[in-house]
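Read through the structure below, which is laid out as structure tokens, and then see the notes.
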């Protein structure tokens, strides 16, 4: 499985770009999964529901299932947070896993950068960032700069970088070309 990340400061549009990339990539015939890292405490369960009560009573894992989907929740309790590679190993095989977050992990990443957010460019000090997607000019980077609003060009770049562009599935519909200077 190929792994490619999207990073950027809060408010830069990582999730917006990701939810536009997924249908573009799947339209082309690629299977895509995602992983989102958050620094916040989160819960996909609700107090009072049976599965919540299972976890609160001490279950290490609780699987919720239906005819449409399933989810496996694992309580870490006093265990350390697993690293990204250990989590990926638990995922079903797909063509591409897109990671939102995990800034410190050493996988290849695209930085979503909006000058209007008022934050510094992460790519200036991070050699795992292989491209920047922005809605404005970006100075002093030695990586390709893509238009964040051109999802076809961003998808082309990711597929090319991950060596998936020439391995297009049989029934896929072709997309646009690679951005200028992004070779």
### Two-site FRET efficiency, residue 38 against residue 120, from Cβ-Cβ distance with R₀ of 25 Å, rounded to 0.05
0.70
### Crossing angle, helix 14-27 versus the chain [Cα axis fit, 0-90 degrees, rounded to tens]
80 degrees
### Query
What angle, in degrees between 0 and 90 and rounded to the nearest 10, separates the Cα long axis of helix 151-161 from the longest principal axis of the Cα atoms of the chain?
90 degrees
## Note on the structure
Computed Rg/Rh for the chain (Cα atoms; Rh = Kirkwood radius) stands at 1.01
### Query
Points 7 angstrom from Cα along the Cβ direction at residue 51 and residue 74: gap in nanometres?
1.6 nm
### Message
Using a 10 Å cut-off around each Cβ, can you sort 47, 103, 68 from fewest to most neighbouring Cβ atoms?
### Response
68, 47, 103
### Task
Starting from the Cα-Cα distance between residue 106 and residue 15, subtract it from 0.36 nm times their residue separation and give me the gain in nm to one decimal.
30.7 nm
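When a footprinting reagent is the concern and you count Cβ atoms within 10 Å, what order do 102, 113 take, fewest first?
Working: 102 19, 113 26.
Least to most surrounded, the residues fall as 102, 113.
Based on DSSP H runs of at least 4 residues, each adding -39500 (n - 2.57), what is the mean residue ellipticity at 222 nm of the chain after dividing by all its residues, to the nearest 500 deg cm²/dmol?
Values: 4 runs with 37 residues, N = 183.
So the calculated ellipticity at 222 nm is -6000 deg cm²/dmol.
Would you mind ranking 9, 70 so that the residue whose beta carbon has the fewest other beta carbons within 10 Å leads the list?
Numbers: 9 18, 70 9.
Listing 9, 70 from fewest to most nearby Cβ atoms yields 70, 9.
Bear in mind that the values in this text are calculations on the coordinates, not laboratory data. Predicted, not measured: the structure shown is a model, and the values here were computed from it. Cβ coordinates were reconstructed from backbone atoms using ideal geometry, including for glycine residues, and neighbour counts include every protein chain displayed.
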